[in-house]
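Right, one structure below, let's go through it.
Only the coordinates and a few stated rules stand behind these numbers; no lab work does. Quantities reported herein were computed from a predicted structural model and do not represent experimental measurements.
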Amino acid sequence: MADVVHGLITPGGDGTGARLLNGAKARVLICDDDPLLIELMEFRLMAKGYEVIKAVDGAEALLKAEHEAPDIIVLDAMMPKADGLEVLARIKSEPALSEIPVVMLTARKGEKDIVSALEKGADDYLVKPFIPEELLARLARLLARKSGKR
């Protein structure tokens, strides 16, 4: 049986996965230029029942955010074609995208970097290297907040 946690249905013995309250699988857009990191995150997210969308640069991240309807975005700050902070600013300035929670996941750990991302609308900020279970917990919390359940 699956358990409802933070507005999501968590994986249970019946094979159910991370789903929104409307029954749809939660869709996570991962934006990073490191293929190994994308593979690791995809594996962990899919094991928890999430649907994964991938982008390897800033331009692709914007296109996928616009056309793939993710429920949440994990965004690296340092990517080719468009910097992650530029992508973040564009996402938060688009009415159709502005309500999508964005978690910055980056090696940039300076105070200015963190504050800049939060001021541009990032909903959370994690520094690499990171603990995968912490990222999963933060994603679940943000998705619960988005769905109106705390």
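Summary of computed values
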read-out	value
Diffusion constant of segment 41-93 at 25 °C, which comes from Stokes-Einstein with the Kirkwood Cα-pair radius and 0.890 mPa s, µm²/s	213
Nonlocal amide H pairs with residue 49, under 5 Å, H built at 1.01 Å	18
Stretchable slack from residue 81 to residue 119, in nm (0.36 nm times residue separation minus alpha-carbon distance)	11.5 nm
Alpha-carbon centroids, segment 122-150 and segment 74-120: separation in whole Å	14
Derived scalar couplings ³J(HN,Hα) [segment 103-112; Karplus, 6.51 cos²θ - 1.76 cosθ + 1.60; whole Hz; x for Gly, Pro]	10, 7, 10, 8, 7, 5, 10, x, 4, 4
Out-of-range pairs (alpha-carbon distance over 24 Å; input 92/146; 120/146; 25/81)	25/81
Note, ³J(HN,Hα) from phi for segment 79-91, Karplus 6.51, -1.76, 1.60, rounded to Hz, x at Gly and Pro	9, x, 6, 7, 4, x, 5, 5, 4, 4, 4, 5, 4
Rounded to whole Hz, the Karplus (6.51, -1.76, 1.60) HN-Hα couplings of segment 49-66, x for glycine and proline	x, 7, 8, 10, 10, 10, 9, 9, 8, x, 5, 5, 4, 5, 4, 5, 4, 6
